[in-house]
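Each remark here refers to the structure printed beneath this line.
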Amino acid sequence: KLLAYFDYRIARQVKRNYGGCVFVKINAEIETEPRVQALVEENKNKARAYIHKLVIQANQAKILSNDALTDTIFLLMEEGN
């Protein structure tokens, strides 16, 4: 499921001619608006929570803890933005 999540994100970005994360762009343009910052943070937290759920389902925890693997995958996704 983790690999499928990467495939899904890649396919979605290709299909939409992806030009970067809209939440990052919005936050950069309106950085002093607390409601916008809260929306961006909520979106990022939901994405991380979904990744964490998939990591737990994978039952891997051999080399990295679930939290460390979640953070690694989340950062990879963020860097892809």
Exercise. Among the numbered conditions (1) open to solvent by 60 Å² or more (accessible area, probe 1.4 Å); (2) over 16 Å from the mean Cα position of the chain (by Cα); (3) of a type in the set (S, T, N, Q), tell me where Asn45 comes up short.
Key: (2)
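Yes/no per residue for (1) at pLDDT 85 or above; (2) assigned to a helix (DSSP H, G or I):
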{"site": "Leu3", "(1), (2)": "yes, yes"}
{"site": "Tyr8", "(1), (2)": "yes, yes"}
{"site": "Gln13", "(1), (2)": "no, yes"}
{"site": "Tyr18", "(1), (2)": "no, no"}
{"site": "Ile26", "(1), (2)": "no, yes"}
{"site": "Val40", "(1), (2)": "no, yes"}
{"site": "Lys44", "(1), (2)": "yes, yes"}
{"site": "Arg48", "(1), (2)": "yes, yes"}
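The values are calculated or read from the model by the stated rules, or taken from the named source; none is laboratory data. On a predicted model such as this, the values are computed, not experimentally measured, just so you know. To get the accessible areas, we keep the full protein, side chains included, count just its heavy atoms, and leave off ligands, DNA and RNA. Shrake-Rupley method; radii C 1.70, N 1.55, O 1.52, S 1.80 Å.
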